[in-house]
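Input: a single structure, listed below in C-alpha cells.
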Amino acid sequence: MIKKRIGILGAMPEEITGIVGLLKNKQEVVKGMRTYYVGTINNIEVVVVFSRWGKVASATTVTHLIVEFGITELFFTGVAGAINPDLNIGDIVIASSLIQHDLDARPIMDRFEIPLLGKTNLCPPKEMLDKAVESIGELLSDESLVHLLSSSQSEIFSVLNPKVVVGQIASGDQFFASHEDKGNLLAILPEVLCVEMEGAAVAQVCFEYNIPYVVIRTISDEANDNSVVNFKEFVSQVASRFGVEIIEKLLKKIAL
Ligand code: ADE
C-alpha cells in the first residue's frame with residue numbers, strides 16, 4: 001500500500017504559520033518563491049505550503065506538491081466572500097463542486113467549460129467530502145471553533161453560531177468588493193455559495209493528476225462594498241485559527 005503523504009495548502013500565510021507549529025521533524029524546502037514545510041503531524045507525513053493568491057499561483061504550488069513531493073491527497077483551506085445571502089461571516093463552506101467563474105472560451109466551448117476536460121464543474125471525491133462534512137460538523141457541534149475566540153472577537157466579527165454549508169464554490173482572478181459584481185456573478189451562476197481566487201484551479205490540477213482533494217473555506221466577508229473592512233483582521237484573528245483547527249481535525253479523521 002502506498003504510504004499517505006498529505007498536502008496541506010493554505011490560502012493565507014497566517015494559517016500556514018499555525019500549522020507549521022504542529023510539525024515534528026520539520027524540514028524546509030524553498031523553490032519558486034515558495035517555502036514547503038515537510039514533516040509529520042500525529043505520525044502522518046505532511047507537506048505544508050502557502051498557496052499564494054490567484055489561479056496561476058495556486059495551480060503552480062499544487063503541481064509542485066504533487067510532482068516534487070509526491071503527495072497522495074490534498075486539503076485546501078482559506079477564506080471566501082459570501083455570495084449566497086444565507087451565509088454569515090464565520091460560516092464554513094465545503095465545496096461539493098468548483099467552477100472557474102472567469103473562464104469563457106465561447107463560442108468554441110460552453111461558458112465555464114475547462115478546455116480539453118469537457119467539464120465546467122469539478123467535484124471532490126465523495127469519501128473526502130463526507131469526512132470533511134463529518135469533521136466540520138463535529139467542530140461546530142462541540143463548539144471548538146467558537147471557543148477559539150474571545151467573547152469580544154466573536155462580537156466584533158459577529159461570529160456567534162457558525163454553520164457548515166456544502167455546495168458550489170466559484171474561483172477566479174478577481175476580489176469581489178461591490179454589490180454590482182456580486183449581482184453579476186449571481187445572475188450567471190445562481191447556485192454559487194461563495195467566491196475565492198484559487199479553489200477551482202487547484203481542483204483542476206488535482207483532477208488531472210488523480211489526487212483526492214477537499215476545499216474548505218471560512219466566510220470572511222460578504223463580497224460587496226464592505227468586503228475590505230475588517231478582512232485582514234478577520235484573517236489574522238479568526239480564519240487563521242479556524243484553519244489550524246480544521247486541518248488538525250481532518251488529519252485525525254481522513255488520515256486514519
Ligand atoms: N476571498 C475572500 N473574500 C473574497 C472576495 N470578496 N472575493 C474574492 N476572493 C475572496
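The values are calculated or read from the model by the stated rules, or taken from the named source; none is laboratory data. Since the model is a prediction, treat every value here as computed from it, not as a measurement. For neighbour counting, all protein chains shown are included, and Cβ atoms are generated from backbone atoms with ideal geometry for every residue, glycine included. Areas reflect the complete protein model, heavy atoms only, side chains present, ligands, DNA and RNA absent. Shrake-Rupley method; radii C 1.70, N 1.55, O 1.52, S 1.80 Å.
Grab the strands (runs of 3 or more DSSP E) fully contained in the stretch 12-58, keeping just those with 2 or more residues being of a type in the set (F, W, Y) and more than 24 Å from V195 (Cβ to Cβ). I'd like the intermediate steps shown before the answer.
Working: elements: 24-31, 34-41, 44-50.
Of the strands (runs of 3 or more DSSP E) lying wholly inside the stretch 12-58, those with at least 2 residues that are of a type in the set (F, W, Y) and more than 24 Å from V195 (Cβ to Cβ) span 34-41.
Residues of the stretch 67-89 being under 14 Å from the mean Cα position of the chain (by Cα) and within 14 Å of the ligand (Cβ to nearest atom), which ones?
F76, T77, G78, V79, A80, G81, A82, listed by residue number.
Just one of the numbered conditions (1) in contact (Cβ under 8 Å) with a residue 40 or more places away in the chain; (2) in contact with a Leu (Cβ under 8 Å, 6 or more places away or on another chain); (3) more than 10 Å from the ligand (Cβ to nearest atom); (4) open to solvent by less than 70 Å² (accessible area, probe 1.4 Å) is not true of F207; which one?
The single condition F207 does not satisfy is (4).
When residues of the stretch 45-82 are filtered for being over 18 Å from F231 (Cβ atoms), among the charged types (D, E, K, R) and open to solvent by 20 Å² or more (accessible area, probe 1.4 Å), how many remain?
Within the stretch 45-82, the subset over 18 Å from F231 (Cβ atoms) is 45-49, 55-76.
This time we only want the ones that are among the charged types (D, E, K, R), so: 45, 55, 68, 73.
Next, only the ones that are open to solvent by 20 Å² or more (accessible area, probe 1.4 Å) stay: 45, 55, 68.
Total satisfying the criteria: 3.
Tell me which residues, restricted to the stretch 164-204, are open to solvent by less than 70 Å² (accessible area, probe 1.4 Å), more than 19 Å from A59 (Cα to Cα) and away from the ligand (no atom under 16 Å from the Cβ).
Those that are open to solvent by less than 70 Å² (accessible area, probe 1.4 Å), more than 19 Å from A59 (Cα to Cα) and away from the ligand (no atom under 16 Å from the Cβ): V164, V166, G167.
How many of the residues making up the stretch 149-163 are modelled with pLDDT of 95 or more and either over 19 Å from V93 (Cβ atoms) or open to solvent by 30 Å² or more (accessible area, probe 1.4 Å) (or both)?
1
Go through (1) touching a helix residue (DSSP H, G or I) at 6+ places or on another chain (Cβ under 6 Å); (2) of a type outside the set (A, V, I, L, M, F, W, C); (3) open to solvent by less than 50 Å² (accessible area, probe 1.4 Å) and name the single condition K131 misses.
So K131 meets the others, but not (3).
For residues in the stretch 210-256 being among the acidic types (D, E) and more than 19 Å from I8 (Cβ to Cβ), which is least open to solvent (accessible area, probe 1.4 Å)? Steps first, please.
As a first pass, look at the stretch 210-256 and keep what is among the acidic types (D, E): 221-222, 225, 233, 245, 248.
If we keep only those that are more than 19 Å from I8 (Cβ to Cβ) as well, we get 221-222, 225, 233.
On the way: D221: 8, E222: 77, D225: 91, E233: 90 Å².
Across the stretch 210-256, the extreme among qualifying residues is D221.
Looking for something in contact (Cβ under 8 Å) with a residue 24 or more places away in the chain, within 19 Å of the chain's Cα centre (by Cα) and open to solvent by less than 50 Å² (accessible area, probe 1.4 Å) - is there at least one such residue anywhere in the stretch 102-120?
Checked against the condition, which is being in contact (Cβ under 8 Å) with a residue 24 or more places away in the chain, within 19 Å of the chain's Cα centre (by Cα) and open to solvent by less than 50 Å² (accessible area, probe 1.4 Å), the stretch 102-120 yields no hits at all.
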